[in-house]
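Below: one structure, written as structure tokens.
The values are calculated or read from the model by the stated rules, or taken from the named source; none is laboratory data. Computed from a predicted structure; not experimentally measured. Cβ atoms come from the backbone with ideal geometry, glycine included; neighbour counts cover every protein chain shown. Remember, those area values only see protein heavy atoms, side chains included, never the ligands or the DNA or RNA. Shrake-Rupley method; radii C 1.70, N 1.55, O 1.52, S 1.80 Å.
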Amino acid sequence: MKYYIQSFGCQMNVYDAKSMMGLLNEAGHESTSHLEEAELILLNTCAIREGAEQRVRGRIGQLKKYKDRGSLKYLGVCGCMGQKEGERLTRDVPFLDLVMGPGAIGSIVRLVDALERGNRPVLDLHGIDDDFDEVYPVADEEIVYPRFLSIMKGCDKKCTYCIVPYTRGPERSRDPQILLQEAESLVQKGYKEITLIGQTVNSYHFGDVHFPKLLEMVNQIAGLKRIRFATSHPNSVTHEMLDAIATLDHVCEHLHLPVQSGSNRVLAEMDRNYTREDYLEITRYFRSRFKAPLIQSTLTTDIIVGFPGETEEDFEQTLDLIRSVRFDGAFMFKYSPRRGTPAAEMENQVDDFTKARRLERLIQLQQQIAGENNRWLIGQKAEVMVERVSHHPKQGRVYEARLRTGRIVKLINPEIEYRVGDMFDVIITDCSSYSLYGNPDHDGSNPKQLEIA
Ligand code: 5AD
Ligand code: SF4
């Protein structure tokens, strides 16, 4: 059967889609990139904010026409919204055939068989995957970066605003031998870079293997040039982990560390289990491990504005923290109440107008800082790996190549033709708030001298 999977939301969904593809292909199904010929469409969904769910509902509406025409036999919703909404979805959307949660990934072939036997709707919402420690067949037909590898699933942190612990269950770390095997099979496919993922990736522990030890083990895989990881939780950061990032040669110097708020009062209400002082200490130590922080390391974050009870003063604390840390990038969100989470029940909800105003101020400040950080990079030299090649009518060949620190450098029509995965040095020549531009540096010219911060 020809199938099509569309993922929404986080990196874990992208990884789960790959796992389902591996299993479906092995069972004789075939993926297609054309919606009109797909007999099975799976929407791998996100429930983190109201907007994410609305996008999925909109997409379901758009896909109805394929059902009406008869080309689409089965439409399924998997992922966090499947788990959260469950049976309710099949009542709201009568033409839905399958609803499953993230815990049912390993059962996808059995669920599709059930559909083919005429069962409908098919539901699998039992939550936790028993086959979590299987190595799923690698479905990659071509090398596409970033390539994620899940090292753990679920979350035990239970931040009061977050739905994830309810949709993805408690934290489970994978056996290091199993995930090393999976990493090695990706390297054999041709991958030079892998991104280790987990909801709180640095809480990883299996027996006496904790996260820094795991980084050390993955760092030894022959042929693997770059190791990335996300998302870290401040409460599980140790100096040992930061030292591992600084010293292991293939581990990239990028820390994505969601702070969520700069106010200790709000952090406590969120149940984040750290203070702004703890956070500032971590980021100071991280940056101190690199001589010239801005080209050699990158710090990014997630921030929520308008959490219940957030006052103007709390919000100012967040702005103040951003000014101190000077993040290289940030994902910024308006708080969105999620049914079933403690924060959704809190009485002092912030009105949408205030949330929007705060978000706008936050984005403006962060954009200004990111632009200043980017300008500082002009003239400096660093290694990139080519991730994407595109052709523009006016500019010609445009390459998107990533620095070790995670930022993309655009190379416009360089003399040499590159392929995805090529690695070489560039000199940064120009920037905007979001983009860096550069030229390949194959003859080893002298970059601007680095200032020691
Ligand atoms: N409302 C807004 N943002 C949220 N996030 C998680 N839950 C919510 C919510 N209910 C944000 C957090 C998290 C990121 C993945 O999504 O900042 O780090
Ligand atoms: Fe959600 Fe908090 Fe767990 Fe992150 S750490 S997934 S924000 S509960």
Inset, instruction - State whether the residues of the range 14-29 include one that is surrounded by fewer than 16 Cβ atoms within 10 Å (Cβ to Cβ), touching a residue at least 24 places away in the same chain (Cβ under 8 Å) and not assigned by TED's automatic domain parsing to the domain that holds Glu182. - result: yes
Inset, instruction - Kindly list, by first and then second residue, each pair from a residue in the range 159-177 that is farther than 21 Å from Pro308 by Cβ and open to solvent by 30 Å² or more (accessible area, probe 1.4 Å) to a residue that is within 11 Å of ligand 1 (Cβ to nearest atom) and in a loop (DSSP other than H, G, I, E, B), limited to pairs with Cβ atoms under 8 Å and residues at least 6 apart or on different chains. - result: Pro170/Cys155; Glu171/Cys155; Glu171/Gln199; Glu171/Thr200
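Matching residues to (1) of a type in the set (S, T, N, Q); (2) more than 16 Å from ligand 2 (Cβ to nearest atom); (3) assigned by TED's automatic domain parsing to the domain that holds Ser232; (4) in contact with a strand residue (DSSP E or B) (Cβ under 6 Å, 6 or more places away or on another chain):
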| position | (1), (2), (3), (4) |
| --- | --- |
| Arg284 | no, yes, yes, no |
| Ile295 | no, yes, yes, yes |
| Ile303 | no, no, yes, yes |
| Asp320 | no, yes, yes, no |
| Gly329 | no, yes, yes, yes |
| Glu347 | no, yes, yes, no |
| Phe353 | no, yes, yes, no |
Inset, instruction - Would you please list the contacts, defined by Cβ atoms under 8 Å and residues six or more apart or on different chains, that run from a residue in the range 199-226 that is farther than 18 Å from Lys157 by Cβ to a residue that is within 16 Å of ligand 1 (Cβ to nearest atom) and assigned to a strand (DSSP E or B)? - result: Leu215/Phe229
Inset, instruction - Being free of Cβ contacts under 8 Å to residues at least 12 places away in the same chain and part of a helix (DSSP H, G or I) is the filter; apply it to the range 105-122 and report the residue that is nearest to Met1 (Cα to Cα). - result: Asp113
Inset, instruction - Would you mind stating whether Gly82 is closer than 30 Å to Asp302 by Cα and either open to solvent by 10 Å² or more (accessible area, probe 1.4 Å) or assigned to a strand (DSSP E or B) (or both)? - result: no
Inset, instruction - Name the residue, out of Asp249, Asp271, Asp243, that is part of a loop (DSSP other than H, G, I, E, B), closer than 19 Å to Gly406 by Cα and either open to solvent by 30 Å² or more (accessible area, probe 1.4 Å) or within 16 Å of ligand 2 (Cβ to nearest atom) (or both). - result: Asp249
